[in-house]
Amino acid sequence: MAASCLLALPQPSLAAAPAPAAPHQLLQAELLRPANAELRQFYFYRDNRPLWTAQGQMTPAARALAHLIDTAALDDIRPEQVFADELHSAMARAEAERTPEALDTAELALSRSFAAYVRLTRETPDGVMLYEHVSLQPQEPGVALALREASRAPSLSDYVTKMAWLHPLYAPMRKAFEEAGGRDAPMRRAFLANLARIRGLPAVPPGGRYVLVNAAAARLWMYEGDRPVDSMKVVVGRTDHQTPMMSGYIRYAILNPYWNLPADFTRDRLAPRVLKGGEAYLRKGGYQVMSDWTDHATLVDPQMIDWTAIAAGATDLRVRQLPGAGNSMGRVKFEFPNQLGIYLHDTPEQELMGKETRLYSSGCVRLEDAQRLGRWLFQGAMPAADAPEQRVDLPKVVPVYVTYLTLQPQDDGQVIVLGDPYGRDAAAEPAFAAQTGGFKASR
C-alpha cells in the first residue's frame with residue numbers, strides 16, 4: 001500500500017539461503033492479531049489496496065474522517081472509543097515522514113477509527129424509539145462490513161462528509177450543532193436529544209420506501225431511499241395524549257372504518273353528553289354501544305348502560321362510531337399493528353390543517369390527504385369499497401417511523417427552532433445529554 005503491500009507475508013524459499021525479511025513486519029504482526037481479523041479480511045478481499053491514502057498522502061476522505069473523530073464528543077463518543085490518540089499520532093507521522101511504512105500505519109489507524117465510529121454512531125440510544133421488529137432498527141456493522149460499505153460509495157469523501165451510513169438528517173443536524181451548539185445549556189440539550197432521535201432511524205429501512213412522521217413539526221414525509229418525495233401536514237396528539245416515538249410496518253388499510261372511541265374519550269366527553277342529550281345524541285352522532293372489545297362483540301341497548309357510572313370512571317365501555325361523513329377516522333385508516341393503538345388515518349376536520357400548531361388528536365396521526373398517501377402506499381390507485389371496515393393489504397409492507405425533531409438545520413449551518421410542544425428536550429434528558437464539553441462554540 002502506497003508502494004507497499006499490507007498483507008505480503010514472507011514466502012518460503014527454495015534456496016538454501018535464509019529468506020529475506022518481509023517489509024513492515026511490525027505492521028503485518030498487527031494485522032495478524034486475532035482482534036484485527038475483520039480488518040485483515042477487508043484488505044485481503046480488496047487486494048490490499050489502500051482506502052484512505054493515495055499517491056503518498058492522505059486523501060480528502062481521510063481528513064474528513066479525522067475531523068469527525070476530533071469532534072466525536074458531539075456524538076457522545078469518547079476519544080478512546082475511536083482510537084483518537086493512535087489516529088492522530090499515525091497521521092502526524094505519515095505527514096512528517098511520508099514513508100510507505102508510516103502511510104500504511106496511518107491507513108490502518110484510519111480504518112480502525114472509522115469502523116469503531118460507524119458502529120458507535122449506529123448504536124440505537126435507549127428510549128428514542130419503540131420498534132415493532134428488530135429489522136426496523138439501525139444495524140451495527142462489524143469492521144469488515146463498515147469498511148466494505150464505505151469502499152463501495154461512488155465518492156468516499158462524500159460518504160464520510162455526509163455520514164451516509166446514518167439517516168440523511170443526521171449530518172446536517174450535527175453540522176448545525178458544531179456551529180451553534182455551544183451557546184447555552186438548553187440548546188445543547190436540544191441538539192443532543194435531536195441527534196439521539198435521528199440515530200434511532202436507519203439510513204434506509206428495509207425495502208427502501210418508508211414514511212417519516214415528525215410529531216414536533218406535525219408533518220409527514222414519504223421517503224424513497226434517502227430522499228423525501230412527498231410531504232403533508234398532519235395532526236398529532238395533544239400534550240396530555242402525546243403521540244409516541246415508535247416504528248412499525250404499515251401492513252393494510254381499513255376502508256370505511258368504524259371509530260372505536262378511546263375509553264377516556266367515552267368517559268370524559270361522550271358520557272356527559274349522553275346524560276344531557278339522551279339516546280338522541282348517540283343516534284345523531286352514529287354511535288353504537290358494544291358488548292366488549294373483541295372482534296365478536298355484539299350491540300348493546302344504550303338504555304341498559306349506567307351512563308353516570310361511565311362518566312364517573314367507575315367502569316369502561318366500548319363505543320364505536322359508524323362510517324360516514326362525520327366519522328372521526330374519515331374514509332380510511334392505515335394500520336401498523338402495535339400495542340399502543342396508534343395508526344394513521346383520514347379526518348373530516350380538515351380545518352385543523354390550517355392551524356400553525358396541530359396538537360388535537362388522542363395520539364394517532366390525522367392526515368391532510370389520506371388518499372394521496374394511499375396512492376403512494378399502494379403504488380397506484382387507492383382501493384375503494386362500500387361496506388364498512390374493509391381490510392385491504394398493501395402489496396408490500398412499508399415501514400413507518402414516528403419521531404420527534406424540534407430543530408431544523410439549514411444549508412448555511414443555522415438552525416430553525418421548531419418548538420418542543422411535549423417538553424421532551426428539557427425533561428427527557430437522554431443518557432448522553434449530560435455531555436457538556438468537547439464541541440466548538442461558534443456564533
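Among the numbered criteria (1) surrounded by 15 or more Cβ atoms within 10 Å (Cβ to Cβ); (2) of a type in the set (Gly, Ala, Ser); (3) not assigned by TED's automatic domain parsing to the domain that holds THR403, which one does GLY278 miss?
It fails just one condition, (1).
Kindly list the number of the only condition in (1) at pLDDT below 95; (2) in contact with a Leu (Cβ under 8 Å, 6 or more places away or on another chain); (3) of a type in the set (A, V, I, L, M, F, W, C); (4) not assigned by TED's automatic domain parsing to the domain that holds ALA37 that fails for VAL211.
(1)
Output the residue which, of all residues in the stretch 245-258 that are in a loop (DSSP other than H, G, I, E, B) and in contact with a Pro (Cβ under 9 Å, 6 or more places away or on another chain), is farthest from GLY207 (Cα to Cα).
So, considering only residues that are in a loop (DSSP other than H, G, I, E, B) and in contact with a Pro (Cβ under 9 Å, 6 or more places away or on another chain), the one farthest from GLY207 (Cα to Cα) is TYR258.
Here's a check for you: in the stretch 30-60, which residue that is of a type in the set (A, V, I, L, M) and surrounded by 13 or more Cβ atoms within 10 Å (Cβ to Cβ) is nearest to PRO141 (Cα to Cα)?
LEU39
Can you tell me which residue in the stretch 111-154 is nearest to the chain's Cα centre (by Cα), limited to those that are among the aromatic types (Phe, Trp, Tyr) and closer than 22 Å to ARG78 by Cβ?
Only one residue fits best here, namely TYR117.
Search the stretch 363-378 for residues being assigned to a loop (DSSP other than H, G, I, E, B) and under 23 Å from the mean Cα position of the chain (by Cα), and hand back the single one that is farthest from MET246 (Cα to Cα).
Applying the filter and picking the extreme gives GLU368.
The values are calculated or read from the model by the stated rules, or taken from the named source; none is laboratory data. If you're wondering where the values come from, they're calculated on a predicted model, not measured in any experiment. All Cβ positions, glycine included, derive from the backbone under ideal geometry; neighbour counts span all protein chains shown.
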